[in-house]
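Visitor: Below you'll find the structure I mean.
Please treat every number below as a calculation from the coordinates, not as lab data. These numbers were taken from a predicted model, which means no experiment stands behind them. Positions of Cβ are backbone-derived with ideal geometry, glycine not excepted, and every protein chain shown enters the neighbour counts.
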Amino acid sequence: MLRTLLVCGLLAGLGGGLLATGFATLAGEPAIDRAVAFERAQAHAAHERPEPVLVPRSVQRSVGLLTAAAVYGLALGGLFALAFAAAYGRVAAASPARTALWLAIGAFVVVFLVPFVKYPANPPSVGHPDTIGRRTDLYAVMLACSLLAAFAAVRVRMTLARRRSAATATLLGCAVYLAVVVVAALALPGVHEVPRAFPAETLWRFREASVGMQVVLWATVGLVFAGTAQRAMSGRALVPRRPWARRRALAARDERASS
């Protein structure tokens with residue numbers, strides 16, 4: 001069954017990656033182009049030579065974006081399938097489809113939204129190259145805090161569900177998660193490297209596209225995995241058979257039974 005769930009996750013992740021690529025192309029690439037133009041204008045005004053581009057923008061926005069999104073989606077789908085296998089039947093009594101949908105919503109909040117609120121995404125021209133390592137480390141720490149808080153919240157919910165109602169246990173678990181991530185967000189230092197002259201609309205559009213891309217990705221993963229996992233765990237084929245194939249399978253079964 002785990003192998004079947006992994007197939008479901010890979011299919012869901014690939015579909016999510018492809019749809020997220022389409023959304024990013026329509027909503028995110030214009031903001032990136034304006035950010036790159038701003039960076040070139042600033043370098044020209046300061047009489048500085050722009051840094052050489054290793055990968056042209058035409059490749060980045062086409063093959064590069066599609067490849068990155070597909071690989072990311074496949075990896076995400078595989079991890080999602082493993083998380084589903086670990087959570088199904090243990091955290092709450094729900095159908096495979098409902099479990100997958102709730103898991104996708106929770107993963108979107110824990111893995112993306114909470115770290116994004118503390119350290120939102122910036123266009124390529126924002127930030128100093130010397131601070132990339134520090135910014136990456138801070139984001140990784142916030143992500144780790146969010147994951148640990150989610151694990152603690154799930155444990156609290158499972159413990160309280162034995163003595164209290166499911167709704168009360170869920171609310172208290174969410175309160176534990178919220179308290180931990182708020183403390184972590186207040187304790188970690190902020191990163192403020194957006195230039196004063198940078199267009200506010202471009203920054204907003206880029207961050208808006210970043211959130212939208214993740215919404216499309218996680219929604220697709222959750223919906224596709226919910227449908228395929230529900231079929232697989234109920235004993236049905238992932239791809240419905242055609243009528244002639246179904247008749248052939250029934251005839252073969254009857255022939256084996258008669259012999």
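Visitor: For every other residue with a beta carbon closer than 13 angstrom to the beta carbon of Gly212, add +1 if it is Lys or Arg and -1 if Asp or Glu, then tell me the sum. Don't jump to the answer; show the numbers that get you there.
Guide: On the way: positive: Arg205, Arg207; negative: Glu29, Glu208.
Charge balance in the 13 Å sphere: 0.
Visitor: If neighbour count is taken as other Cβ atoms inside 10 Å, put Leu186, Leu6, Leu103 in order from fewest to most.
Guide: Details: Leu186 8, Leu6 16, Leu103 23.
Ranked by crowding around the Cβ, least crowded first: Leu186, Leu6, Leu103.
Visitor: Turning to a different aspect of this structure: Could you give the nm distance between label points at Val117 and Val71, where each point is 7 Å from its Cα heading toward the beta carbon?
Guide: Taking the simple label geometry, Val117 and Val71 are separated by 3.2 nm.
Visitor: Which of the peptides 132-143, 174-185 is most tightly packed, and how do the rest follow, going by the mean number of other Cβ atoms within 10 Å of each residue?
Guide: On the way: 132-143: 14.0, 174-185: 16.2.
Descending mean neighbour count gives 174-185, 132-143.
Visitor: Given just the C-alpha atoms of region 127-192, how large is their convex hull per residue in cubic angstrom? Could you put the intermediate results ahead of the total?
Guide: On the way: hull volume 4.6 nm³, N = 66.
It is 69 Å³ per residue.
Visitor: Compute the FRET efficiency between Arg3 and Ala152 as 1/(1 + (r/R0)^6), taking r as their Cβ-Cβ distance and R0 = 30 Å, and round to the nearest 0.05. Before the final figure, lay out the partial values.
Guide: Details: r = 31 Å, r/R0 = 1.03.
Between Arg3 and Ala152 the formula returns 0.45.
Visitor: Also, quick follow-up: ³J(HN,Hα) across region 188-201 via Karplus (A = 6.51, B = -1.76, C = 1.60, θ = phi - 60°), whole Hz, x for Gly/Pro?
Guide: Result, rounded to whole Hz: 6, x, x, 10, 10, 10, 6, x, 4, 7, 5, x, 5, 5.
Visitor: What spacing in nm lies between the two simple spin-label points modelled at Ala83 and Leu171, each 7 Å away from Cα in the Cβ direction?
Guide: In this crude spin-label approximation the distance works out to 2.6 nm.
Visitor: Report the extension gain between Ala41 and Ile105 in nm, rounded to one decimal, defined as 0.36 nm multiplied by the number of residues separating them, less their alpha carbon distance. Each step should come with its number before you reach the end.
Guide: Working: separation 64, 0.36 × 64 = 23.04 nm, distance 4.06 nm.
That pair, Ala41 and Ile105, stretches by 19.0 nm at full extension.
Visitor: Where does each of Val194, Val154, Val63 land when they are ranked from fewest to most other beta-carbon atoms within 10 angstrom?
Guide: Fewest-to-most ranking of Val194, Val154, Val63: Val63, Val194, Val154.
Visitor: Can you work out the FRET efficiency for the pair Thr136 and Ala94, with r the C-beta to C-beta distance and R0 = 30 Å, to the nearest 0.05? Provide the component values of the computation, followed by the final result.
Guide: Values: r = 36 Å, r/R0 = 1.21.
Working from the Cβ atoms, E equals 0.25.
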